[in-house]
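Enquirer: Quick one: this structure, given as structure tokens, is what I'll be asking you about.
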Amino acid sequence: MRLLVTGAAGSIGSVLCRGLADRGHDVTGVDLTAAPAGFTGAWATADCTDPAATHAVFDEADRSGGLDGVVHLAGIPTEASLPETLDSHVRSTAVLLDEMVAHSVGRMVYASSNHAVGRTPRTTLLGPGVPPRPDTFYGVGKVAAEALLRLYVDRHAVDAVALRIGSFLAEPRTRRHLSTWLSHGDAVRMVDACLTAPHPGFAVIYGVSANTRGWWDLEPGRRLGYQPEDDAEDFAVTVESAPATLADDSDAAHVGGDFATAAYTRPAVDGPHADPASD
Ligand code: 15L
């Protein structure tokens with residue numbers, strides 16, 4: 001498939017660009033920065049929240065045969081103010097979806113996050129149908145972006161798969177990661193499956209490896225063809241050889257880990273309430 005990967009210079013983006021190209025896809029990367037060293041496909045330096053710049057990227061892709069899908073990873077990967085978050089996650093998704101409709105690009109695979117449901121207490125195995133319960137403005141942005149995907153699937157009959165990614169890392173480092181880890185290899189397998197599954201319509205799946213201690217239901221992903229091969233349990237002895245800390249307890253209370261703690265509580269907007277010391 002001819003793919004546009006946004007956020008291509010980021011940690012997930014660079015792994016996915018390489019992995020998807022290895023699997024035979026024709027990858028164009030887009031990011032705010034220049035192509036990282038070693039990147040071999042086409043590249044555009046552009047801001048996906050900017051409609052004109054994004055339009056130019058799609059026009060350029062049309063000149064070399066057009067696109068079959070968009071893998072949308074761009075966005076601030078952690079907590080920020082609400083306006084910054086909405087711009088980064090919701091506006092970028094809307095701009096890309098509008099371009100997809102205008103250029104007849106049929107599929108988006110979107111990097112949502114476990115933080116869309118991060119305030120859910122960690123008790124039972126969570127399916128994708130659990131109500132949105134964000135733990136941060138970051139989570140709110142992911143919920144809203146998922147809602148946009150739903151709207152565009154209904155209105156324009158595109159396909160869109162939201163991946164509620166856990167902890168994307170080369171190796172798990174904390175006790176929480178033993179449940180939330182997404183390995184590099186599984187990330188590539190998952191995105192490839194979501195790009196190539198026949199007519200998924202709108203779908204939400206959890207982006208995690210087959211972790212023995214997993215908290216999220218992998219079945220919806222498996223139904224789309226995502227067969228995870230890695231398990232954080234292989235690292236459990238090393239991870240658990242470090243003494244347990246208070247952070248492990250707060251990490252374990254909600255599925256979003258520390259994002260669901262008071263440490264992340266802040267006013268929505270950078271205004272008079274942003275700095276409590278100034279009150
Ligand atoms: C995410 O979605 C974040 O981008 C990342 O910073 C981590 O917090 C990760 O989730 C996680 O839950 O470990």
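The values are calculated or read from the model by the stated rules, or taken from the named source; none is laboratory data. Everything numeric in this text was worked out from a predicted model, so none of it was measured. Virtual Cβ from ideal backbone geometry, glycine too; neighbours counted across all protein chains shown. Only protein heavy atoms, including side chains, enter the accessible area calculation; ligands, DNA and RNA are left aside. Shrake-Rupley method; radii C 1.70, N 1.55, O 1.52, S 1.80 Å.
Enquirer: Please go through the stretch 174-209 and give me each residue that is open to solvent by less than 30 Å² (accessible area, probe 1.4 Å), away from the ligand (no atom under 16 Å from the Cβ) and either in a loop (DSSP other than H, G, I, E, B) or among the β-branched types (Val, Ile, Thr) (or both), ordered by number.
Expert: Within the stretch 174-209, VAL188, ALA197, PRO200, GLY201 meet the criteria.
Enquirer: Show the residue pairs meeting these rules: Cβ distance below 6 Å; 6+ apart or different chains; first residue within the stretch 57-82 and within 18 Å of ASP159 (Cβ to Cβ); second residue open to solvent by 50 Å² or more (accessible area, probe 1.4 Å).
Expert: Close Cβ pairs satisfying both conditions: LEU67/ARG2; ASP68/MET1; ASP68/ARG2; GLY69/MET1.
Enquirer: A further question on this structure: When you check ARG150 against the structure, is it more than 15 Å from the ligand (Cβ to nearest atom), open to solvent by 70 Å² or more (accessible area, probe 1.4 Å) and either touching a residue at least 24 places away in the same chain (Cβ under 8 Å) or touching a Phe, Trp or Tyr at 6+ places or on another chain (Cβ under 7 Å) (or both), yes or no?
Expert: Working: more than 15 Å from the ligand (Cβ to nearest atom): yes; open to solvent by 70 Å² or more (accessible area, probe 1.4 Å): yes; either touching a residue at least 24 places away in the same chain (Cβ under 8 Å) or touching a Phe, Trp or Tyr at 6+ places or on another chain (Cβ under 7 Å) (or both): yes.
Judged against the criteria, ARG150 is a match.
Enquirer: Then there's this: I'm trying to understand the selection: among the residues of the stretch 222-252, which are small (Gly, Ala, Ser) and either more than 16 Å from the ligand (Cβ to nearest atom) or open to solvent by less than 50 Å² (accessible area, probe 1.4 Å) (or both)?
Expert: Answer for the stretch 222-252, where residues must be small (Gly, Ala, Ser) and either more than 16 Å from the ligand (Cβ to nearest atom) or open to solvent by less than 50 Å² (accessible area, probe 1.4 Å) (or both): GLY225, ALA232, ALA236, SER241, ALA242, ALA244, SER250, ALA252.
Enquirer: When the stretch 75-125 is examined, which residues are found to be in contact with an Asp or Glu (Cβ under 7 Å, 6 or more places away or on another chain) and open to solvent by 10 Å² or more (accessible area, probe 1.4 Å)?
Expert: If the condition is that a residue be in contact with an Asp or Glu (Cβ under 7 Å, 6 or more places away or on another chain) and open to solvent by 10 Å² or more (accessible area, probe 1.4 Å), then ILE76, HIS103, GLY106, ARG107, HIS115, ARG119, LEU125 are the ones that fit.
Enquirer: Condition first: out of contact with any Ser or Thr (no Cβ under 9 Å at 6 or more places or on another chain), within 16 Å of the ligand (Cβ to nearest atom) and either among the aliphatic types (A, V, I, L, M) or at positive phi (or both). Now tell me which residues in the stretch 112-147 satisfy that.
Expert: Answer for the stretch 112-147, where residues must be out of contact with any Ser or Thr (no Cβ under 9 Å at 6 or more places or on another chain), within 16 Å of the ligand (Cβ to nearest atom) and either among the aliphatic types (A, V, I, L, M) or at positive phi (or both): ALA116, VAL117.
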